1. Which residue pairs have Cβ atoms closer than 8 Å, lie 6 or more positions apart in sequence or on different chains, and pair a first residue in segment 40-58 that is over 27 Å from Asn246 (Cβ atoms) and in contact (Cβ under 8 Å) with a residue 24 or more places away in the chain with a second residue that is within 16 Å of ligand 1 (Cβ to nearest atom) and assigned to a loop (DSSP other than H, G, I, E, B)?
2. Could you list all residues from segment 200-211 that are crowded, with 16+ Cβ neighbours inside 10 Å and not hydrophobic (A, V, I, L, M, F, W, C)?
3. Tell me, please, whether a residue that is away from ligand 1 (no atom under 15 Å from the Cβ), outside the structural domain of Asn246 (by TED's automatic domain parsing), in contact (Cβ under 8 Å) with a residue 12 or more places away in the chain and under 25 Å from Gln179 (Cα atoms) can be found in segment 94-109.
4. Which residues, counting only those in segment 37-54, are at pLDDT below 95 and under 15 Å from Ile23 (Cβ atoms)?
5. Taking the stated definitions as given, is Leu140 in a helix (DSSP H, G or I), assigned by TED's automatic domain parsing to the domain that holds His176, more than 16 Å from ligand 2 (Cβ to nearest atom) and touching a residue at least 24 places away in the same chain (Cβ under 8 Å)?
6. Could you list, in sequence order, all residues of segment 52-76 that are more than 13 Å from ligand 1 (Cβ to nearest atom), hydroxyl-bearing (Ser, Thr, Tyr) and touching a helix residue (DSSP H, G or I) at 6+ places or on another chain (Cβ under 6 Å)?
Amino acid sequence: MARNGSPEMSSAGAQFVVPPDDIVFGCTPGMLAIRQQLKKVCSTNIPMLVQGDGGTGKETLARWVHLRSPWRSGPFIKVNFAAIPGGLLESELFGYTAGAFTGANTTRIGLVEMAQGGTLFLDQITDLEPTFQAKLLQLLQDGIFTRLGDQQERRLEARIICASTRRVDEAVSKGHFRQDLYYRINVFEIVLPPLSARREDIPAIVSYLLRRLSARFQREASTLEASKLRLLQNHEWRGNIRELENWISRYVLLGEDELLQELVVAKHQYSGKPYELPDGGIPLKRIARQAGRAMSRELILRALQANHWNRRRAARDLKISYRTLLYEIREIGLPSKRLQKQTAKPTEEVNPSPPSPD
Ligand SMILES: Nc1ncnc2c1ncn2[C@@H]1O[C@H](COP(=O)(O)OP(=O)(O)OP(=O)(O)O)[C@@H](O)[C@H]1O
Ligand SMILES: [Mg+2]
C-alpha cells in the first residue's frame, strides 16, 4: 500500500497528527465502544462500512478516520451513489480517454483515480445498481480499474469507506444488494445511533457546535444554561445531529428568544405531550409572545414563497400593509429572497441582515 513519501511511511516513523477540530464521540457506551475500536483500525486498510440514519454523522466519521489514517495527506473523495445517474456512473467513477465515446473530447480521470493515496468514500452504497455492483466488487477484490476506452489497468491505492442510510443487510436479504459485495465492504462495521439514543451526549455536541458555528458566522453566542440544555435533550431530533446543527446555527444568528419557542411548539407537534417547565420556569407571557412570533414567521414565509418572494403580493395575501410586512420581515430576520435561491445548505439559509426592498 505504500507509495513514495506515503502517509504509511510517515505514520510508522513520525508522530500521529490529530487535527484540533475533533468531533464529539460523547460518553454513551455505544459511542465509546466505537471510538475504542476506531483507534485500533484507523491505521489499517481494513474496509469499513458506516451505517446510520440521516444526519447521524456518517460522513463526518469517515473524514475523521481519514484524517487519522496513513492516507491523511491524500485526498478524501466522496462518491454519492444516490446522486449520480446510472448512465454516467462508469465514466464518473473510472474516467475515460479521449474518443472513448461520443462527446469524450479529452481524457478525464474518474473519482476512483482522484482518490489515489487518500480515501474513497462510497456513500449511499445500497443505491448502486446491480450491474455496477459487480464492477465495484471487482475493484474491491483486485484493486484494479481501467478508464473507459483504455486498455491499461491501473491499481487503486486508497482506503475505502462505504456508508449507507439503509441497512445493507436488509438490502441483501431483499435481493437488492450482492451478498459477496456486502462481505467485501463490511469487514469492519459501525452503526451510528440516532441522536435520540444518545441524549447524554447532547450537551457536549451543543458546546462543540456552538464553538464551531460562532467561529463560522463570526458571532459571539452565549452558552445555554442547564434548563435550556434540558429542552434540547428532550427534543426528538429526527434529523439527528444535522438538525441540531441547524438549530444551533439559528441560535447563533438569531439568539435564544427566537428559538426556544421552536422547541416548545415542536414538542407539542411531535408528541402531543404537555410542555414541562424547565428549572426556573419560563414566564407564560414570554412563551406566548415567542409562539406568536414563530407563527407569524411561518405564515409570512409561506406567503412569500407562495408569491415567489413578491412582497407586495404577499402583504396583500396577509392582509397587512406593505410597510408593515417590511417591518415584520426585518423584525423576525427572515432569509432574503436571493439567499433562499442560492444557498444549498440549510445551515446557511438564515440571513440576519434586513432584506432589501423589492
Ligand atoms: N460526532 C459529531 N460531533 C459533532 N458534529 C457532528 C458529529 N457528527 C456529525 N456532526 C455534524 O452533523 C452534520 C451531519 O453530519 P454528516 O453529514 O456526517 O451526517 P450523515 O450521517 O452523513 O448524513 P446523511 O445520511 O444525511 O448524509 C455535519 O454537519 C457535522 O458537522
Ligand atoms: Mg452523508
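1. Cys42/Arg68; Ser43/Arg68
2. Answer for segment 200-211, where residues must be crowded, with 16+ Cβ neighbours inside 10 Å and not hydrophobic (A, V, I, L, M, F, W, C): Asp201, Pro203, Tyr208.
3. For segment 94-109, residues away from ligand 1 (no atom under 15 Å from the Cβ), outside the structural domain of Asn246 (by TED's automatic domain parsing), in contact (Cβ under 8 Å) with a residue 12 or more places away in the chain and under 25 Å from Gln179 (Cα atoms): present.
4. Of everything in segment 37-54, those that are at pLDDT below 95 and under 15 Å from Ile23 (Cβ atoms) turn out to be Leu38, Lys39, Cys42.
5. Working: in a helix (DSSP H, G or I): yes; assigned by TED's automatic domain parsing to the domain that holds His176: yes; more than 16 Å from ligand 2 (Cβ to nearest atom): yes; touching a residue at least 24 places away in the same chain (Cβ under 8 Å): yes.
Answer is yes for this residue.
6. First, pick out the residues of segment 52-76 that are more than 13 Å from ligand 1 (Cβ to nearest atom): 67-75.
This time we only want the ones that are hydroxyl-bearing (Ser, Thr, Tyr), so: 69, 73.
Within segment 52-76, just Ser73 meets the criteria.
The values are calculated or read from the model by the stated rules, or taken from the named source; none is laboratory data. All values reported here derive from a predicted model rather than from experimental measurement. Using ideal geometry, Cβ is built from the backbone for each residue, glycine included, and neighbour counts are taken over all protein chains shown.
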